Amino acid sequence: MCAMCIFCGSLIALVYTALCMYRKKRVAAYVRVSTSHKQQIDSLEAQTSYYKNLIRKNPNWSFVDIYIESGRSATNIQGRPVLRKLLADAHGELVDLILVKSIPRLSRNTVDLLIIVRELKLIGIEVFFEKESLSSFDPKCEILLSILASLAQEESHNLSENIKWGILRKMENGDFTLPYARFLGYRKRTGWTA
């Protein structure tokens with residue numbers, strides 16, 4: 001190999017590196033609510049609007065998309081098609097940075113969260129958790145994510161247990177409610193009538 005080829009190869013690598021440094025970051029946001037209640041849908045709309053404006057206002061960022069998941073629990077990665085699409089787009093090199101409101105929005109399962117963040121980090125994609133002001137590229141990120149995700153997971157578990165306990169106590173006291181105005185041909189008024 002001649003000296004000129006080595007120079008040309010080095011020059012091409014240098015130009016490519018410079019172009020990558022000055023290319024706008026391709027940014028997406030992931031927003032999620034766990035129910036389809038009106039209040040949470042309003043929150044979803046507010047998050048969507050906020051992230052669209054935030055990304056478009058930054059001159060160093062290029063808007064990719066807002067990945068919106070509604071009515072999905074964050075306790076398990078299964079059954080979350082929008083999150084799976086985001087991860088597929090990340091693997092397809094369509095995204096450089098993913099913005100998330102907070103750790104529990106991405107996952108309330110510690111293992112799932114760490115797998116997602118590690119996987120993205122390995123392919124050079126940063127996840128930024130806004131509420132915690134935490135970047136997956138930060139060296140202390142993994143330990144903080146482990147602690148905060150464990151707290152979110154435990155909070156979710158406790159909430160579920162409290163709801164189950166409350167329902168069980170109501171049933172024991174004979175206070176049983178059905179979430180339907182009409183059930184098996186009966187209408188609910190002050191009591192059940194045919």
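The values are calculated or read from the model by the stated rules, or taken from the named source; none is laboratory data. Just so it is clear, the model here is predicted, and its values are computed rather than measured. Reconstructed Cβ throughout: ideal geometry from the backbone, glycine too, with neighbour counts over all protein chains shown. Quick note on the areas: whole protein, heavy atoms, side chains included, nothing else; ligands and nucleic acids left out. Shrake-Rupley method; radii C 1.70, N 1.55, O 1.52, S 1.80 Å.
Brief remarks follow.
- Checked against (1) surrounded by fewer than 15 Cβ atoms within 10 Å (Cβ to Cβ); (2) modelled with pLDDT of 90 or more; (3) not small (Gly, Ala, Ser), Tyr51 passes all but condition (1).
- Restricting the first member to segment 99-114 and to residues that are more than 19 Å from Ser70 (Cα to Cα), and the second to residues that are of a type in the set (Gly, Ala, Ser) and surrounded by 21 or more Cβ atoms within 10 Å (Cβ to Cβ), the beta-carbon pairs closer than 8 Å and six or more apart or on different chains are Thr110/Ala149; Leu114/Ala149.
- Which numbered condition Glu45 misses (of (1) at pLDDT 85 or above; (2) closer than 20 Å to Glu132 by Cα; (3) over 12 Å from the mean Cα position of the chain (by Cα)): (2)
- Screening segment 92-194 for helices (runs of 4 or more DSSP H) wholly inside it with 1 or more residues that are farther than 21 Å from Tyr30 by Cα and at pLDDT 60 or above returns the ranges 141-172.
- Residues being closer than 20 Å to Trp61 by Cβ, open to solvent by 20 Å² or more (accessible area, probe 1.4 Å) and within 10 Å of the chain's Cα centre (by Cα) - total across segment 83-116: 2
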